[in-house]
1. So, in nm, how far is label residue B:6 from label residue B:49 when the simple model puts each one 7 Å beyond its Cα toward the Cβ?
2. Within the stretch C:78-102, name every residue whose backbone N is under 16 Å away from a label modeled 7 Å from Cα of residue C:60 along the Cβ vector.
3. How much FRET efficiency would the formula 1/(1 + (r/R0)^6) give for residue A:140 and residue A:176, where r is the Cβ-Cβ distance and R0 is 60 Å, rounded to 0.05?
4. First check a/c for chain B, with a ≥ b ≥ c the square roots of the eigenvalues of its C-alpha gyration tensor; if it is under 1.5, answer rounded, and if not, answer prolate when a/b is larger than b/c or oblate otherwise.
5. Calculate the spin-label point distance for residue A:84 paired with residue C:69, positioning each point 7 Å from the Cα along the beta-carbon direction, and give it in nanometres.
6. For residue B:110 paired with residue A:273, estimate the spin-label separation in nm (one decimal), with each label point 7 Å from Cα along the Cα-to-Cβ line.
7. Let me have the relative contact order for the stretch C:3-135, percent, based on Cα pairs under 8 Å that are six or more residues apart.
8. Give the angle, between 0 and 90 degrees and rounded to the nearest 10, that separates the Cα long axis of helix A:118-136 from the longest principal axis of the Cα atoms of chain A.
Ligand SMILES: Nc1ncnc2c1ncn2[C@@H]1O[C@H](COP(=O)(O)OP(=O)(O)O)[C@@H](O)[C@H]1O
Ligand SMILES: [Mg+2]
């Protein structure tokens, strides 16, 4: 999985203003928190380098985090961004720019393949340290210091929420890109002669895949100037009325482009079942097996076939 | 703006240049039906490759053209439906059953030369 | 002329050339939102059908095109409004092949198939509002 580089296809993970507002609501961040955070700011600023180092020391101790420490260049980048992030955390402004910074950091982590699960732990550790520092500097009002720290903690949770969103979206994207690649591989449209394409369909045919398959077939018809297509459905897992209707649509769309589709591999039993379900197979050109379908297609294209065609192929 | 109709031997060729308004299409239908009459054309090719969409109105009108020209002894071939357009037409529920279709102008001319029947794109 | 505002693009529909404008604007907006390939044609086709219904049955109305975001999904919304005669039997109007205009009767049901979401509100003597959405696959 890690060997495939899909980064070129990747779109930026998108978090909207609504998403940001929702995250703030989740952690109960309110206006009253801002002066409290401001009070903590000088304390954190004074120790920002120390806190950054500590955060990465904590990560270093976890073996799931080793991918990050193997990449010297990215590690420095991550440290720089983390430092910037710590400053922003107590900066009092939690807008898009703040989220962008998180996003960048999140992308960097996911680029090295860091496990999402290390973050809550690392964050918890960081927050504890910040808490200890704040309380140590509480002076004569520990109650107030505690309140201030709780406000900062909300930002900590806001960050975790955002980070999880980002990484989940990233992962989802990776999965969908990979699925797409697999799908494409599994529906090859092959030209076997001038003007003749063969489309062997294998596996399950849901409506998304049917759409994709039709799309690539139509493009192939144009690119190859195909006039006949043999669509072999022997390998389709379960041909029910939904699948059949998808196939009928694919055939109809091909026809609009001037190509005739011959469907092969539809067994008599299945055909009968479909008809009894009310599927109109009348518009389909069907031939029992792939070989027969190819021979019929070649004949229609005007190719002469050496072997004498057997009469059962005339059913189309 | 009307759609120019060219004559090539016994074939009339109308190439739609741009996104069409309904009036343009109606105009095309009327122009073609009169020209088929006096030019004694045996075939009509409508090239729709520049069309951005084929909605139910356009489809119905093109079918109408095929019917009218047939009554006047000419066969109509619609060529150049783009993959995206074909895909959207099918999802909408449209078809051109009974009308010959082809990939492009060459295919259209070949279909008229062969005298293809209208129920399959080819053969 | 289409009007662009904070609330998206509004295209007044009063004659058949406005149908072309509406679907072209819809395609352009969808492209900006990130739609590609056949989805652009699908959205434009649905807009064409709904805009034509306004011209045919209500004479005038408007189409508003907007980008939308919900649950971090992006998409486009198309709202078609008119104060024409309204539709007495919406369920029938939504059936394939039903037409009071002797046309194919595929506009409303077809647009519903083309888009991801489709709502229609209509009241006789008041008018019709069709709202359709298409979402980007993430
Ligand atoms: N905006 C509208 N105002 C009034 N009636 C409408 C409107 N849109 C659709 N209708 C009604 O719904 C029917 C079905 O519409 P549609 O599916 O587009 O098919 P068609 O336009 O071919 O009739 C129309 O025949 C008409 O009676
Ligand atoms: Mg209509």
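Every number here is computed from the coordinates shown, using simple stated rules; none is lab data. Predicted model, so just to flag it, every value in this text is computed and none were measured. No Cβ is skipped: glycine too gets one built from the backbone with ideal geometry, and neighbour counts run over all protein chains shown.
1. 1.1 nm
2. From the stretch C:78-102, the list is C:81-85.
3. Approximately 0.60, to the nearest 0.05.
4. Oblate.
5. With each label placed 7 Å out from Cα toward Cβ, I get 2.1 nm.
6. 3.9 nm
7. 24 percent
8. So the inclination is approximately 10 degrees.
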